[in-house]
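Chemist: My questions will all concern the structure given below.
The values are calculated or read from the model by the stated rules, or taken from the named source; none is laboratory data. Please read all numbers here as calculations on a predicted model, not as lab measurements. Cβ placement follows ideal geometry from the backbone for every residue including glycine, while neighbour counts extend to all protein chains displayed. Note: areas computed on protein heavy atoms with side chains; ligands, DNA, RNA excluded. Shrake-Rupley method; radii C 1.70, N 1.55, O 1.52, S 1.80 Å.
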Amino acid sequence: NLLSTEVTNRIQAAKITWLRMGKLWSHKLPWRVVRMTAIGFMQNTLLSAMTAFCLAEAHCKRLTMALARQLRFLMYKRQGTPEDGRKAGWREVFAFWQMASCSTELRVRRLKMYQDWVSKPSAHVAELAAVFGTTKSDQKLGWHRLTTDGEVPATATPWGKQFWEDIVVLGQTEHGQQWFDDCNNAVCPLFHDAAVLVAFPCTAFTLLGA
C-alpha cells in the first residue's frame with residue numbers, strides 16, 4: 001500500500017529528525033520554545049503536504065502515536081513521570097503541549113486549503129475539476145462525482161468524500177452548526193456564499209478535542 005509506505009517513511013524521517021535534535025531536547029528550554037520546535041521539526045515532518053492524500057483513520061493514528069511517543073518524553077522531562085507509575089495517554093500528552101492529533105491537524109490544514117479554493121475558485125479550476133468533475137469515462141459508467149443538487153454521492157472521488165467529511169465535522173463545532181444546516185447537504189452553497197467559509201476560524205476544529 002503506497003499510503004502505508006508514505007506514512008512509514010514519514011515516521012522514519014521524524015525519528016531521524018528527533019535524533020539529530022538530541023542536544024536541544026536535553027536542555028531545559030522554555031515550554032513555548034520546545035513546543036514551537038516540536039511543531040516545526042516533528043509535526044511538520046510527519047504532516048507536510050499530506051493534505052494531498054486521502055489517509056485512512058489508521059494512517060492518522062499511526063502518525064499521532066509516533067508523535068505522542070516523542071512528546072511524552074518531553075513532557076516527562078519537564079514534569080516527571082506520573083506518580084502512580086502509569087503511562088500518560090496520548091490525549092493527555094497532546095493536551096499538555098496544546099496540540100491537536102494528526103487527524104485534527106490535517107483537517108485544519110485542509111480547511112485552510114478549502115478557504116483558498118472558495119475565495120479564488122478561478123485560480124483553482126484544475127483542483128476543483130479533479131475533486132468534483134465528472135469525466136466522459138465516468139459518464140459511460142453512470143458515475144457522477146457531484147449530483148445536480150450539489151450533493152456528494154457514493155460515486156464521488158475519494159477527495160470529494162474527504163472534503164464533505166471535513167465539512168460535516170466542521171458543522172459539529174459551535175461556530176459551524178447553523179452555517180452547516182444552511183448548506184442543505186450540498187457543496188455548491190459553499191462556493192456561492194464563500195465569505196462564510198473563508199471567515200470560519202480554523203482553530204474552531206480544536207473545539208472537538210484532540
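Chemist: Could you figure out which of (1) surrounded by 14 or more Cβ atoms within 10 Å (Cβ to Cβ); (2) not in a helix (DSSP H, G or I) isn't true of Pro189?
Modeler: (2) is the only condition that Pro189 fails.
Residue-wise test of (1) modelled with pLDDT of 95 or more; (2) surrounded by 12 or more Cβ atoms within 10 Å (Cβ to Cβ); (3) over 26 Å from Ala126 (Cβ atoms).
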site: Thr8; (1), (2), (3): yes, yes, yes
site: Met21; (1), (2), (3): no, yes, yes
site: Val33; (1), (2), (3): no, no, yes
site: Leu47; (1), (2), (3): yes, yes, no
site: Glu57; (1), (2), (3): no, no, yes
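Chemist: Considering only the stretch 80-95, how many residues are touching a residue at least 12 places away in the same chain (Cβ under 8 Å) and open to solvent by 60 Å² or more (accessible area, probe 1.4 Å)?
Modeler: Residues of the stretch 80-95 that are touching a residue at least 12 places away in the same chain (Cβ under 8 Å), as a first pass: 87-88, 90-91, 93-95.
Next, from what is left, pick out any that are open to solvent by 60 Å² or more (accessible area, probe 1.4 Å): 87, 90-91, 95.
The qualifying residues number 4.
Chemist: Would you confirm whether any residue within the stretch 53-69 is within 28 Å of Pro189 (Cβ to Cβ) and charged (D, E, K, R)?
Modeler: yes
Chemist: Out of Ser4, Ser26, which single residue is within 21 Å of Arg110 (Cβ to Cβ), surrounded by fewer than 14 Cβ atoms within 10 Å (Cβ to Cβ) and of a type outside the set (D, E, K, R)? Please lay out each step first, then the result.
Modeler: On the way: Ser26 fails: within 21 Å of Arg110 (Cβ to Cβ).
Exactly one of Ser4, Ser26 is within 21 Å of Arg110 (Cβ to Cβ), surrounded by fewer than 14 Cβ atoms within 10 Å (Cβ to Cβ) and of a type outside the set (D, E, K, R), namely Ser4.
Chemist: State whether one or more residues within the stretch 117-124 are out of contact with any Phe, Trp or Tyr (no Cβ under 8 Å at 6 or more places or on another chain), open to solvent by less than 50 Å² (accessible area, probe 1.4 Å), hydroxyl-bearing (Ser, Thr, Tyr) and in contact (Cβ under 8 Å) with a residue 40 or more places away in the chain.
Modeler: No, that holds for no residue.
Chemist: Residue by residue through the stretch 23-48, note down the ones that are closer than 12 Å to Val7 by Cα and part of a helix (DSSP H, G or I).
Modeler: Listed by number, the residues that qualify are Thr45, Leu46, Leu47.
Chemist: Can you find even one residue in the stretch 142-158 that is surrounded by fewer than 17 Cβ atoms within 10 Å (Cβ to Cβ), within 17 Å of the chain's Cα centre (by Cα) and under 19 Å from Arg107 (Cα atoms)?
Modeler: Yes, the stretch 142-158 contains a residue that is surrounded by fewer than 17 Cβ atoms within 10 Å (Cβ to Cβ), within 17 Å of the chain's Cα centre (by Cα) and under 19 Å from Arg107 (Cα atoms).
Chemist: How about the stretch 78-122: which of its residues are of a type in the set (Ser, Thr, Tyr) and within 21 Å of Ser26 (Cα to Cα)?
Modeler: Within the stretch 78-122, Thr81 is the sole residue that qualifies.
Chemist: For residues that are over 19 Å from Gln12 (Cβ atoms), touching a residue at least 40 places away in the same chain (Cβ under 8 Å) and open to solvent by 50 Å² or more (accessible area, probe 1.4 Å), tally how many sit in the stretch 65-79.
Modeler: Qualifying residue count, the stretch 65-79: 2.
Chemist: Same structure again: More than 20 Å from the chain's Cα centre (by Cα) and open to solvent by less than 40 Å² (accessible area, probe 1.4 Å): does that describe Ala100?
Modeler: Spelling it out, it is not the case that Ala100 is more than 20 Å from the chain's Cα centre (by Cα) and open to solvent by less than 40 Å² (accessible area, probe 1.4 Å).
Chemist: Determine the pairs where a residue that is closer than 14 Å to Glu165 by Cα, located within the stretch 176-188, has a partner that is at pLDDT below 75 with Cβ atoms under 7 Å apart, the partner being 6 or more residues away or on another chain.
Modeler: Gly176/Ala204
Chemist: So is Thr51 assigned to a helix (DSSP H, G or I) and either under 17 Å from Arg109 (Cα atoms) or basic (Lys, Arg) (or both) or not?
Modeler: In short, yes.
Chemist: Considering only residues that are acidic (Asp, Glu) and part of a helix (DSSP H, G or I), look in the stretch 160-185 and name the one that is least open to solvent (accessible area, probe 1.4 Å).
Modeler: Asp166
Chemist: Something else: May I ask you to say which residue of Arg62, Arg10, Arg35 is farther than 22 Å from Gln162 by Cα and in contact (Cβ under 8 Å) with a residue 40 or more places away in the chain?
Modeler: Values: Arg62 fails: farther than 22 Å from Gln162 by Cα; Arg10 fails: farther than 22 Å from Gln162 by Cα.
On inspection, the qualifying residue turns out to be Arg35.
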